[in-house]
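The values are calculated or read from the model by the stated rules, or taken from the named source; none is laboratory data. Everything numeric in this text was worked out from a predicted model, so none of it was measured. No Cβ is skipped: glycine too gets one built from the backbone with ideal geometry, and neighbour counts run over all protein chains shown. The area values use the complete protein model at the heavy-atom level, side chains included, leaving out ligands, DNA and RNA. Shrake-Rupley method; radii C 1.70, N 1.55, O 1.52, S 1.80 Å.
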Amino acid sequence: MGKQDEMKFKDTLLHWCVMRQNNGFQGRLGKTPDSCYSFWIGGMLQLMGHLDFINVEELRDFLFSCQSPVGGFMKYPLFMMGSSPYPDLVHTFFSLCGLSFLGKDHLEPVDALFSMTARASNDIVTNRTELPSLVIKK
């Protein structure tokens, strides 16, 4: 934490993350974009201070194409062959985090480091002296 400037290969990692966006983000080269990578790749971009490199409208459109008619989010868009029409909690959580990174849709800001709202992570950091030493070390 706080050592981004010392990070080796930061530019290479940043390039790799940015190149994973093909409307949604893909986890590996040549793979189909998957809604959960809006968190995994988007979170890495947030931690590196480069959410501005995301094509916001493309990612937003992709994530909403993964929204299930019954609520929640699916791994892939409904129109894809073989895509399940049912949402799951993992892809719903990560899709909502991804939408939060975009700063739209009235969602609370998410802290990628802790995978929770920025408000909750700020509370933890502020009150860390009250937490057991195994949780957060000073």
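Using only DSSP helix segments of four residues or longer, with each worth -39500 (n - 2.57), what per-residue ellipticity at 222 nm results for the chain after dividing by its residue count and rounding to 500? Could the numbers behind the result be given before it?
Values: 5 runs with 53 residues, N = 138.
Computed ellipticity for the chain at 222 nm equals -11500 deg cm²/dmol.
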Given a 1.4 Å probe and the protein chains all in place, what does the accessible area of residue 36 round to, in Å² to the nearest 10?
20 Å²
Mean 1/r over all different Cα pairs, inverted: what Kirkwood radius does the chain give, in Å?
16.0 Å
With a cut-off of at most 15 other beta carbons within 10 Å, and DSSP calling the residue loop, which trypsin sites (Lys or Arg not before Pro) in the range 1-93 qualify? Please list them.
3, 8, 28, 31
Net charge around residue 111, counting only other residues with Cβ within less than 12 Å of its Cβ (Lys, Arg = +1; Asp, Glu = -1)?
-1
Accessible surface of the chain [probe 1.4 Å, protein heavy atoms]: carbon and sulfur percent
59 percent
C-alpha center-to-center spacing [the range 86-103, the range 36-54] in angstrom:
13 Å
